[in-house]
Structures are given as structure tokens and as C-alpha cells.
1. Can you tell me which of (1) within 19 Å of PRO168 (Cα to Cα); (2) at pLDDT below 90 is the one GLY94 doesn't meet?
2. Does the range 10-32 contain any residue that is part of a helix (DSSP H, G or I), hydroxyl-bearing (Ser, Thr, Tyr) and modelled with pLDDT of 80 or more?
3. Taking the conditions exactly as written (closer than 16 Å to CYS117 by Cα, outside any helix (DSSP H, G or I) and touching a helix residue (DSSP H, G or I) at 6+ places or on another chain (Cβ under 6 Å)), does ILE52 satisfy them or not?
4. Could you check, for the range 193-202, whether at least one of its residues is of a type in the set (Phe, Trp, Tyr), in a helix (DSSP H, G or I) and within 20 Å of LYS256 (Cα to Cα)?
5. Between residues in the range 91-108 that are assigned by TED's automatic domain parsing to the domain that holds VAL55 and residues that are outside any loop (DSSP other than H, G, I, E, B) and among the acidic types (Asp, Glu), which pairs lie under 6 Å by C-beta distance while being six or more apart or on different chains?
6. Is it true that some residue in the range 233-248 is touching a residue at least 12 places away in the same chain (Cβ under 8 Å), within 20 Å of GLU125 (Cβ to Cβ), buried (at least 16 other Cβ atoms within 10 Å of the Cβ) and among the aromatic types (Phe, Trp, Tyr)?
7. GLU107: charged (D, E, K, R) and closer than 27 Å to GLN278 by Cα, yes or no?
Amino acid sequence: MIEYLDNNEYDKFTGDLRNEAFTMLHTMLPLKYKFLPESYVLCDDKEILGLITVVPTMGNPYKINISRLIFGNNYYEAGQQLVEFVIARYGARGAVSFCVMVDESHEELLQLFSQGCGFRHCASESLWKIENFQSGDIHPANFRPCQNSDAKQVSRLFNGELNSLFRPSLERDKNEYKTPFFEGFTNFYKNRYVLEEPQKKRIIAYLSITTNDNLNFIIDISANDGYNLSYDEILCFALREISARKSSFYAFVKQKKYTKTSDAFEEYLKNRGFNCIQTQHVLIKDFYKPVKQTENALQVFLFGENRVSAN
């Protein structure tokens, strides 16, 4: 059947086959070396009641993302059992954080994670479709490809732009901005760029362009709020990079509602006439390790946002 598939489906199919050879080996790897999605099913006798898929964060496998949860109608207990299973399994192996993105229209699913599994609503992200973007005389911003040596500065940029309320749960490690060694085995393609302040060589903006089907491209921008950067120039650069690869495509820009620049960015998107097509809630479940002790000191544990101490 492969010869009848279009190019995108062919590439995706052959990629899945290539990864399949590593599945058995991957399941035996310690958590710090995992890089592929892993799926689990819940069975009752021979009937499959549900399925869950988790993906380690590239560069930080101790942050686990729940990317897929499937269960039958009115089988929410099956969904809850699957979520609790992966939390117990990966938590025992050293995972410190679990994250899931849930569309705002799925109220019952939000309740499953928040009330049933102890996740807390942390923030939200929106996707805006870019339409009728007239670049005119706009000059594209002078981005350059992001290197692994830029990772420390980029992580500082992202973390510094987080609103204080969300920082503990959403901060990113510098390794999350490095090109992973096994990038070719992922089911998406991402290009990364940085914009520097000319005189100080300080990174003031970070841009990523991601696609998993070579047709729909998501543009993600992190910008220092201390600089008057032009979003027109940033998007002009991003769209030029995509068009150099594809003559026909759909472009979307991500609005992270937990950053200092979120309100100003939303106003820009509305003024540009872009349409918000999706809003997803970011739900987080954190694990905390005991604080390092000194001799004769109190042992302190952190659970969520509470502090409990014992002699």
C-alpha cells in the first residue's frame, strides 16, 4: 500500500517502521536515556479499555508529557487508572514533572486530570492562524540558526520572561534547547533561531518553527520584554524560512499566556486580523525531592506548594 500514499504519509510511515526496531531496546533504557514515546494499554481479560502515550521532554527526560489518552465513552475510571499508572511508573524512575495539554472545550477531561489525578491548572496556550500577512516593505529580523552553545542564554531568556506565578513549574533547563542526539527519530521537525543585540552579542529573542507533517507549521516566539522588537519583522523572517522549504503551507503562531509579553502579543495578533483557533490548558503534576540536609537539621519535604517538616 505504501506506493499509493502521498509523500507526507510515506515519510511518516517509514519513520514509524524505522523507530519500531528500537522499541524493545528503548523500554529497557534508564529514564535519563529515553527519547521515544512509550504507550501502555489497560485490559480487562482480552478487552482493551484504554491507551496512554507518554513522551519525555527532549533534553530533560525527567519531565514527562502525556500526549495521548484514549478510553471508551463513560470509561473515565480507565483513563484515571492509566494516568495514575504512568505517574507511578515514571515517578519511581525519577521523573519530577508530568504535563498534559487539554483543549478548553473538554471540560470532563480537565476534571479527570485536575480532580481525579491531582494535576493543577498552571496556564494556557493559544494557537492563532496566520492569514493574509502582507509583508510589504517589512524587512525580516536578522535571526541566525541557534547553536548548542546558545542554550544557556536561551533558557535564561525563556525563564526570565515567565510570570513569577508560573516560573516554578514551567522553567526550562538549558539542555531543552540543545539539538538532541536522536533528533532524527522524533515524529516532528524543528528549526531554531536566535536574535542577538548587535553590540553586546546578547540573545534577545528566540524563534522555533515546528512541523510534524510538513504542511502545518507552528511558530513559537520568546522575546525579551525590555526591547521594542517588531513582531512583523519576526513573522516575516519565519514565513520566509517556511516558504523556502514549502510553496504551500499553513502557518500558526503560539501565544504563551504565562509570559510577560502575552498581553501585548495578543493585542498585536488581534490587530493583524489573525484568528485564534485553539486554546489549551497546561496541567502540571510535580514531584519534589527532599531538601539536602545538614547534620542535626530538620528534614524538609516539599509537596506541591505546601511545606511539611518533621523532627
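The values are calculated or read from the model by the stated rules, or taken from the named source; none is laboratory data. A quick note: this is a predicted structure, and the numbers were derived from the prediction, not measured. Note that we place each Cβ from the backbone using ideal geometry, even for glycine, and neighbour counts take in every protein chain shown.
1. All conditions are met except number (2).
2. Of the residues in the range 10-32, the ones part of a helix (DSSP H, G or I) are 10-20, 23-27, 31-32.
Within this subset, residues satisfying the condition of being hydroxyl-bearing (Ser, Thr, Tyr) are 10, 14, 23, 27.
Filter again for modelled with pLDDT of 80 or more, leaving none.
The answer is no; no qualifying residue exists.
3. Here the answer is yes, as ILE52 does meet what is asked.
4. Taking every residue of the range 193-202 in turn, none turns out to be of a type in the set (Phe, Trp, Tyr), in a helix (DSSP H, G or I) and within 20 Å of LYS256 (Cα to Cα).
5. Once the first residue is assigned by TED's automatic domain parsing to the domain that holds VAL55 and sits in the range 91-108, its partners that are outside any loop (DSSP other than H, G, I, E, B) and among the acidic types (Asp, Glu) give SER97/ASP286.
6. no
7. yes
Matching residues to (1) within 18 Å of ILE218 (Cα to Cα); (2) in a loop (DSSP other than H, G, I, E, B); (3) at pLDDT 95 or above:
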residue	(1), (2), (3)
GLY118	no, yes, no
ALA123	no, no, no
SER126	yes, no, yes
GLU131	yes, yes, no
GLY136	no, yes, no
HIS139	no, yes, no
ALA151	no, no, yes
VAL154	no, no, yes
ASN159	no, no, yes
